[in-house]
Amino acid sequence: MEKSYVIGLDYGSDSVRAVLVDAGNGEEMASSVFYYPRWKKGAFCDAAASQFRQHPLDYIEGLEATVKDCLAKTAGVVSAQQVKAISVDTTGSTPIAVDDKGVPLVFREEFADNPNAMFVLWKDHTAVQEAQQINEHAEKFDINYLQYVGGVYSSEWFWAKLLRTLRVDKQVREAMYTWVEHCDYIPFLLTGGTHADQIKRSVCAAGHKSLWAAEFGGLPPNEFFSALDPLLDGLTTRLFTDTYAADQVAGTLSEEWSNRLGLSTDVVIGVGAFDCHMGAVGGEIEPYYLSKVIGTSTCDILVAPKADISDTLVKGICGQVDGSVIPGMIGMEAGQSAFGDAYAWFKQVLTWPVKNLLVNSEVLSEEDTKKVLDFIDDQVIPQLGKQAEALPVTETSELALDWFNGRRTPDADQTVKAALCGLNLGTDAPRIFRAIVEATCFGAKSIVERFIREGIPVKGIIGLGGVAKKSPFIMQTMADVINMPIRVHKSEQTCALGAAMFAATAAGIYARVEDAMKAMGQGFEHTYVPRPEMVSLYAERYKQYQTLGTFVADNGCNKTTK
């Protein structure tokens, strides 16, 4: 019997990854990574203003480069006719303004360098004011339109970003036909869609970020939005009512993309979804096990049978949506706005003298300078981890708050900032790094506690992503802090693998995504078990973290301007 292969595409914050997978057993035949060149240069971003935008060409060029690279690496082993489907996951909420043909406005000459005509990355927090207004506005209605998104709307999400864009950019406002999530745009692009109304909107993005709910009959009514701001009046008629799970078919590969990729027009394109949701499937999620996709931020996913959930609504998370992860189950999302980003910030602080002084000196040649910079960049975090792990932990050790990019959950608030306390003249880089690691783990514990407090049991943790696989110190600390075992998945690319599983399901190779997950799953490579002597100590440290967080939030001493 001829083998069948599928491709999973995972669009992250810094790069897109493609995996070419044997649909029969999940073997990764080839993988490829493309780092966004415009993003890498910092184009169209202003970190100080929390503005993070991405050009669609980074996505499109990366799509073509990675898929073709995977096919080239398997030439002679995998034929184009054996590739049956492609599915896509992306960051989210990462929306963009498009015209009536579904083309991003940035492709028009007059918008070529306009950040408001580009994708608004998930971690863009320029819409803090709009999110606050949505939260206040929702209280005026008898129906709680925020009930399925944890009761708190975030500046990281669809409507806040849309409203701000409409307010600040008249040119974009007048040219825009509709507003589209990244995970919905790529399948539309690959299938050769010719009108924005043809875009199949994922239930994942719609339910978790756009206030769509089957119980509402779709999106909230026009009156909800027009009363919020007249700029939104009538816009729902150019959005969507129907949504689709990721095991459904968006279409087949267009002739243009068939030629560009060297694949058949019979290739099925699956409906898209967010990275963490497909990543949870790639990581073999089980009911009531919290799957943590740990990268620049974390996205935490839990699934539960619909019958178990009944009328339970978990407050302060990023939503609970029927079928957003596995069709037939309720998918619940939480997460932290900064995890790896917190470590990256500290690395930037430490390496500033080298990067800014050494490059302008005549001590080393240009070639040697580059070697030194590359070495330091590669080694600083691993070495900090080794030194931090060797340090004794006490109740009076340095303490940090992990809100470097605001707080996603519990209870979204992008105005709060991080903090460091308990510093003294003996505080050095490893001690600060340890405090930041502990803070990110305390933030993870607060999410677990919220689920349990709201009546959703958490049986264990599944660790996915680069941090989970590469940082034993961090993962052991997290196990100690949460006081639960953490199983780490084998796959380097669980999000892309999850997309491949959905591709195989959309292509009809499997009847259910659970079947694809069972056949294509790669299993787990390590389990971190809590150390009893550290559990009790971190329980006390966690109380200190909570006290610090309450002080910062209540006093507003380090909040951004509202």
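Worth pointing out:
- In this structure the amide hydrogen of G328, modeled in the peptide plane, comes within under 5 Å of the amide hydrogens of G323, none closer than 5 places in sequence on its chain.
- Coupling constants for the range 525-536 follow from the phi torsions by the Karplus curve (6.51 cos²θ - 1.76 cosθ + 1.60, θ = phi - 60°), and in residue order they are 10, 7, 10, 8, 10, x, 8, x, 5, 8, 4, 5 Hz; glycine and proline get x.
- Mean sequence separation of contacting Cα pairs (under 8 Å, at least six apart), scaled by the length of the chain, corresponds to a relative contact order of 16 percent.
- Between V354 and V393, residue separation times 0.36 nm minus the direct Cα-Cα distance comes to 11.0 nm.
- Least to most buried among D413, D184 (fewest other Cβ within 10 Å first): D413, D184
- Among C421, C495, C45, C318, a tally of other beta-carbon atoms within 10 Å of each Cβ gives an order, fewest to most, of C421, C45, C318, C495.
- Positive-pole candidate from V458, H137, L219, dipole of the chain, charges at beta carbon: V458
- Ranking A334, T394, V363 by Cα position along the charge dipole of the range 323-431, where only Lys, Arg, Asp and Glu carry charges on their C-beta atoms, puts A334 farthest toward the positive end.
- A simple charge model with +1 on the Cβ of Lys and Arg, -1 on the Cβ of Asp and Glu and nothing else charged puts the dipole of the chain at about 700 debye relative to its Cα centre.
- Likely footprinting exposure, L290, L420, fewest C-beta neighbours within 10 Å first: L420, L290
- Reachable aspartates and glutamates, given that their alpha-carbon falls under 13 Å from the alpha-carbon of K73 and they are not under 8 places away in the same chain: E28
- Residue-averaged [θ]222 nm for the chain, counting only DSSP H segments that reach four residues, each worth -39500 (n - 2.57): -12000 deg cm²/dmol
- Compared with the rule-of-thumb size 2.2 N^0.38 Å for a compact globular protein, the range 182-227 has a Cα radius of gyration ratio of 1.33.
- Whole-angstrom gap from the range 273-339 to the range 395-417, using each part's C-alpha centre: 21
- Across the chain, the longest piece that holds none of the GluC sites (Glu not before Pro) lying in DSSP loops with up to 11 other C-beta atoms within 10 Å covers 140-361.
Every number in this text was worked out from the coordinates using simple rules, so none of it is lab data. Remember, it's a predicted structure, so these values are computed and weren't measured experimentally. All Cβ positions, even for glycine, are placed from backbone atoms using ideal geometry, and neighbour counts span all protein chains on display.
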